[in-house]
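All remarks here apply to the structure that follows.
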Amino acid sequence: MYSVADIDVDICGATKCRLCTQFCPESNTILYDSVRATAYVAVDRCKGCEICVGVCDDLAKHHAIKMLPINELKNGFEIRNVGFKDTLVTTK
């Protein structure tokens, strides 16, 4: 099992700093949802490097991100198609 970034949407939504989206070295991994006014993690892209944790804790002082084993994410996770038309794939 590997760990991925988990963002506390209450803390993140209150601060709206977006620093994690700028410092994440993996493109399209931490994104900002302007409708929900919070950052979110594309868990299928997260490499578990913990740079976002350092940025949020040490630079921004918000403490909104922690690393969790992927099977322990409290709100589950979502995978979004970023930059491509959404497609529905069905299997038989």
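The values are calculated or read from the model by the stated rules, or taken from the named source; none is laboratory data. Quick caveat: nothing in here was measured; it's all calculated off a predicted structure. Positions of Cβ are generated from backbone atoms using ideal geometry, with glycine treated the same way; all protein chains shown enter the neighbour counts.
What is the residue count in the stretch 1-48 for residues that are surrounded by fewer than 20 Cβ atoms within 10 Å (Cβ to Cβ) and over 9 Å from the mean Cα position of the chain (by Cα)?
Residues flagged as surrounded by fewer than 20 Cβ atoms within 10 Å (Cβ to Cβ) and over 9 Å from the mean Cα position of the chain (by Cα) within the stretch 1-48 amount to 29.
Restricting to the stretch 1-42, name every residue that is among the basic types (Lys, Arg) and in contact with a helix residue (DSSP H, G or I) (Cβ under 8 Å, 6 or more places away or on another chain).
Residues of the stretch 1-42 among the basic types (Lys, Arg): 16, 18, 36.
The answer is ARG36, and nothing else.
Could you tell me whether the stretch 81-92 includes any residue that is in a loop (DSSP other than H, G, I, E, B), modelled with pLDDT of 85 or more and out of contact with any Phe, Trp or Tyr (no Cβ under 7 Å at 6 or more places or on another chain)? Talk me through it step by step, then tell me what you get.
If we filter the stretch 81-92 for residues that are in a loop (DSSP other than H, G, I, E, B), which is where we start, we get 81-92.
Going one step further and asking which of them are modelled with pLDDT of 85 or more, we end up with none.
No, the stretch 81-92 has no match at all.
State yes or no: is CYS56 crowded, with 16+ Cβ neighbours inside 10 Å, within 22 Å of GLU72 (Cβ to Cβ) and more than 11 Å from the chain's Cα centre (by Cα)? Steps first, please.
Values: crowded, with 16+ Cβ neighbours inside 10 Å: yes; within 22 Å of GLU72 (Cβ to Cβ): yes; more than 11 Å from the chain's Cα centre (by Cα): yes.
The answer is yes for CYS56.
Which residues, taken from the stretch 1-54, are part of a loop (DSSP other than H, G, I, E, B) and either in contact with a Gly (Cβ under 8 Å, 6 or more places away or on another chain) or over 19 Å from PRO69 (Cα atoms) (or both)? Let's see the steps before the verdict.
At the first step, the residues of the stretch 1-54 found to be part of a loop (DSSP other than H, G, I, E, B) are 1-2, 8, 16-18, 24-29, 34-37, 42-50.
Passing the criteria: TYR2, LYS16, CYS17, ARG18, PRO25, SER27, ASN28, SER34, VAL35, ARG36, ALA37.
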